1. Pairs please, first residue from region 170-192 and closer than 19 Å to residue 227 by Cβ, second anywhere and among the basic types (Lys, Arg) and at pLDDT below 85, Cβ atoms under 7 Å, 6+ apart in sequence or on different chains.
2. Where residues in region 201-234 are over 26 Å from residue 289 (Cβ atoms) and touching a strand residue (DSSP E or B) at 6+ places or on another chain (Cβ under 7 Å), which of them is surrounded by the fewest Cβ atoms within 10 Å (Cβ to Cβ)?
3. Could you look through region 239-261, keep only residues that are of a type in the set (A, V, I, L, M, F, W, C) and in a strand (DSSP E or B), and pick out the one that is nearest to residue 300 (Cα to Cα)?
4. In region 112-131, what residues are farther than 29 Å from residue 244 by Cα and either under 23 Å from the mean Cα position of the chain (by Cα) or of a type in the set (Asp, Glu) (or both)?
5. Going by the conditions given, is residue 126 at pLDDT 90 or above and either outside any strand (DSSP E or B) or under 16 Å from residue 53 (Cβ atoms) (or both)?
6. Go through (1) closer than 27 Å to residue 171 by Cβ; (2) modelled with pLDDT under 90; (3) not hydroxyl-bearing (Ser, Thr, Tyr) and name the single condition residue 226 misses.
7. Based on what the data block shows, is residue 317 under 23 Å from residue 59 (Cβ atoms), touching a strand residue (DSSP E or B) at 6+ places or on another chain (Cβ under 8 Å) and among the hydroxyl-bearing types (Ser, Thr, Tyr)?
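The values are calculated or read from the model by the stated rules, or taken from the named source; none is laboratory data. Computed from a predicted structure; not experimentally measured. FYI the Cβ positions are ideal-geometry reconstructions off the backbone, even for glycines, and counts take in every protein chain you see.
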Amino acid sequence: MRRLALTLLSLAALAAVPSAQACDCGGCPPTSCGTSSSAPSGGGLLLLRAYGQRGPLSAIDTGNGREAFALPPGVASADGRVYVAATQRPRRFTTVRAYNAHTGRRLSTHTYLGGGWAVAAVSANGSYVALLNSFQKGRVARIAIVGRALGSAVRTVALHGTYDVDAISNDGRKLFLIQYLRSGYLVRFYDVAQESLASRVLTEKGAPMQGLAWDAVASPDGHYLFTLYLRGDGAAEVHTLDLRRGTAICIDLPRGDPASIQQYALALSPNGRRLVAANPALGLVATVDVRSRRVTRVVHFRTDRYPPGQSELAASSHDGRTVYFTSGPDLYAYDAAYGVVRGTYRIGSAIVGLAFTKGDRRLLVVRSDRRVVWLNAATGRRLG
């Protein structure tokens with residue numbers, strides 16, 4: 001494996017969202033061009049992403065509802081501590097910058113010769129970052145890994161074929177890749193220490209899969225990456241990637257038509273034990289137990305149907321009991337303890353961000369016109 005000298009980046013982390021694989025689902029996935037939001041614990045911020053989970057970031061203070069800072073397109077860490085962005089001058093050089101995602105302050109800058117590099121994934125413990133080069137000559141994918149364990153160097157991996165980076169493990173030894181084929185895609189494991197691509201395929205039965213990566217959430221401790229995949233036949237599943245063991249399993253969600261399954265929104269409980277998949281178009285909330293890796297509860301509720309077309313959002317309270325999720329310009333609240341859905345709570349405009357304040361007493365709602373609405377988190381009543 002070739003090494004190139006570079007300035008060390010001291011980073012904190014994320015398993016990145018995979019690129020979308022084409023299917024006949026229609027629409028535009030939040031992973032590439034939709035809106036998304038997250039509120040990592042301890043930061044007091046709501047992180048808004050306007051053009052997918054690798055797009056520019058706007059940080060909203062959950063205490064006063066005002067924008068604290070903004071950052072260029074990049075990758076935010078799963079624990080919300082660090083944000084990494086790359087600036088390219090094609091075929092000349094690439095500059096990679098790491099920011100403190102709590103303050104927006106620049107932590108480090110790293111420039112090297114060679115254009116076309118983009119931030120693809122960061123390990124969840126903050127030790128490693130994976131860069132993917134868009135200049136794939138002769139169908140050869142080039143991936144560079146920077147990290148503390150490598151000193152001030154880059155390791156580069158060259159693979160024949162079309163690949164994207166799905167995630168990188170905390171120790172930097174496991175690289176998870178999406179390999180695109182004419183017949184679909186495969187999830188592959190690359191052993192960084194052994195410099196080898198494992199023959200074992202992580203997709204079910206080792207066969208190419210079809211679908212679109214629609215949404216994704218990563219556990220802050222770097223254990224799991226949950227990716228919602230949709231298929232043109234109305235099937236929806238959560239691809240659960242175990243970054244420690246290097247295994248993967250698909251968890252089936254309730255089916256629907258190709259349009260309605262696009263309304264699924266994911267929210268992971270702060271303790272990482274429960275994944276909630278809410279779908280207002282289907283009128284249901286499905287709960288996935290992470291340890292058993294299966295759907296353990298499906299709660300149905302009555303909902304006002306509306307024409308699909310925008311991505312939905314979901315946010316979990318800090319104690320994990322309540323999950324608010326959007327339905328167009330409206331909100332619902334799911335009580336995980338009793339399995340009850342409350343609502344509808346009218347906001348009056350498309351919603352682009354949700355976050356609980358400290359103590360879980362209030363819910364911050366950001367509309368598409370950037371107006372802020374405050375709700376009593378326990379009752380859904382609008383506050384002054």
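1. From residues that are closer than 19 Å to residue 227 by Cβ, the pairs are 189/200.
2. 208
3. Quick first cut of region 239-261, residues of a type in the set (A, V, I, L, M, F, W, C) only: 241, 243, 248-251, 253, 259, 261.
Now narrow it down to the ones that are in a strand (DSSP E or B): 241, 248-251, 253.
Numbers: 241: 28, 248: 28, 249: 25, 250: 23, 251: 19, 253: 13 Å.
Of everything passing the filter in region 239-261, 253 is nearest to residue 300 (Cα to Cα).
4. Filtering region 112-131 down to residues farther than 29 Å from residue 244 by Cα leaves 112-116.
The one that is farther than 29 Å from residue 244 by Cα and either under 23 Å from the mean Cα position of the chain (by Cα) or of a type in the set (Asp, Glu) (or both): 116.
5. Details: at pLDDT 90 or above: no; either outside any strand (DSSP E or B) or under 16 Å from residue 53 (Cβ atoms) (or both): yes.
Criteria not met by residue 126.
6. Here residue 226 clears every test but (2).
7. Working: under 23 Å from residue 59 (Cβ atoms): yes; touching a strand residue (DSSP E or B) at 6+ places or on another chain (Cβ under 8 Å): yes; among the hydroxyl-bearing types (Ser, Thr, Tyr): yes.
Here the answer is yes, as residue 317 does meet what is asked.
Matching residues to (1) of a type outside the set (S, T, N, Q); (2) buried (at least 18 other Cβ atoms within 10 Å of the Cβ); (3) at pLDDT 75 or above; (4) over 14 Å from the mean Cα position of the chain (by Cα):
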residue	(1), (2), (3), (4)
10	no, no, no, yes
18	yes, yes, no, no
26	yes, no, no, yes
48	yes, yes, yes, no
61	yes, no, yes, yes
65	yes, yes, yes, yes
74	yes, yes, yes, no
105	yes, no, yes, yes
110	yes, yes, yes, yes
